[in-house]
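Scroll down for the structure; my scribbles are underneath it.
The values are calculated or read from the model by the stated rules, or taken from the named source; none is laboratory data. All values reported here derive from a predicted model rather than from experimental measurement. For neighbour counting, all protein chains shown are included, and Cβ atoms are generated from backbone atoms with ideal geometry for every residue, glycine included. Note: areas computed on protein heavy atoms with side chains; ligands, DNA, RNA excluded. Shrake-Rupley method; radii C 1.70, N 1.55, O 1.52, S 1.80 Å.
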Amino acid sequence: MHNTIEPKVTLVGAGPGDPDLLTLKGVKALAEANVVLYDALANEEIMNHAPKNALKIFVGKRIGAHEYSQDQINQLIVDNALTYGNVVRLKGGDPFIFGRGSEEIDYAESFGIPTFVVPGISSAIAVPAYQGVSLTKRGVSESFWVITGTTSDRNLSHDVALAAQSSATVVILMGMSKLSQIVSLFQKESKGKTPVAVIQNGTTPQEKVGVGTINTIQEVVAENKLSAPAIIVIGEVVKESNKLNGFYEEFLSKESV
């Protein structure tokens, strides 16, 4: 006799890359999984927390090689939950920060499947923190924006232009292909001397950093061969970081040459 299948879906945030930044609750959820549907993770060591006999299905999207559409992923989550029971949907960073996690939860719930969410540490906060950049700092920055550089229609978010008008720290995810547009928007607001950090593969051993200003950052990115996945941090807090200050002074001196 087979036990009755009890479907369940848990959305787990894998964190920004360092496998030690997965939460304890995430570890426990993975340990109980019958099926793990996972994205292109910054560190696949995280999959070691799942049972060896669990079904592991890669559903991630990589540039130029989209394995599954979002509709197909939604259906896979439901089909596997109904067939095998406990499904963990593992997503990089936090599943509700540009991760389309709410769409997956809504779809599973439309079939009456119980759902749970385990938040993850977002790269938007953790990656700057690893470089000593505090997104808010008394007397320097009272708030921060986290914006997607590339919307679902492949365009730059209109919010970047609004953010450029504010004094807030601006963190842009998935924005490397739109860097020249981002620079132009900040220059239009006379923000050419605003400090910028570009951090590639943050919190991992492959991490690379480039620091400059709005006026110099494209040159810095080219010199340091920085590319996606990277986050862009714009604001005075960048030069407040003891870790990045040397970089910042070096690149600033190049600007005046």
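Just a few scattered comments:
- Candidate set: the range 111-131, residues that are touching a Ser or Thr at 6+ places or on another chain (Cβ under 8 Å) and open to solvent by 40 Å² or more (accessible area, probe 1.4 Å); chosen: the one farthest from residue 25 (Cα to Cα): 130
- Candidates 220, 238, 160, filtered to the one that is in contact with a Pro (Cβ under 8 Å, 6 or more places away or on another chain) and more than 18 Å from residue 93 (Cα to Cα): 238
- Any hit, the range 109-130, residues being closer than 12 Å to residue 12 by Cβ, in contact (Cβ under 8 Å) with a residue 24 or more places away in the chain and aromatic (Phe, Trp, Tyr): yes
- The C-beta contact set for the range 131-146 (first residue in the same structural domain as residue 244 (by the TED database), second residue of a type in the set (Lys, Arg), distance under 9 angstrom, 6+ apart or interchain) comprises 131/243; 132/243; 133/243.
- Number of the exception - residue 14 against (1) farther than 22 Å from residue 110 by Cβ; (2) surrounded by fewer than 23 Cβ atoms within 10 Å (Cβ to Cβ); (3) touching a residue at least 12 places away in the same chain (Cβ under 8 Å): (2)
- Test: residue in the range 27-39 that is touching a residue at least 24 places away in the same chain (Cβ under 8 Å), open to solvent by less than 40 Å² (accessible area, probe 1.4 Å) and in contact with a Gly (Cβ under 6 Å, 6 or more places away or on another chain): yes
- First in the range 81-94 and closer than 13 Å to residue 47 by Cβ and in a helix (DSSP H, G or I), second anywhere and open to solvent by less than 10 Å² (accessible area, probe 1.4 Å) and of a type in the set (Val, Ile, Thr), Cβ under 9 Å, 6 or more apart: none
- Candidates 206, 187 - the one that is part of a loop (DSSP other than H, G, I, E, B) and either at positive phi or out of contact with any Pro (no Cβ under 6 Å at 6 or more places or on another chain) (or both): 206
- Qualifying positions in the range 203-215 - open to solvent by 10 Å² or more (accessible area, probe 1.4 Å), under 24 Å from residue 186 (Cβ atoms), in contact (Cβ under 8 Å) with a residue 40 or more places away in the chain and of a type outside the set (S, T, N, Q): 209
- Scanning the range 132-144 for residues that are on the phi < 0 side of the Ramachandran plot and open to solvent by 30 Å² or more (accessible area, probe 1.4 Å) yields 134, 136, 137, 138, 140, 142, 143, 144.
- Residue count for the range 156-184, restricted to those that are aliphatic (A, V, I, L, M), open to solvent by 40 Å² or more (accessible area, probe 1.4 Å) and out of contact with any Ser or Thr (no Cβ under 9 Å at 6 or more places or on another chain): 1
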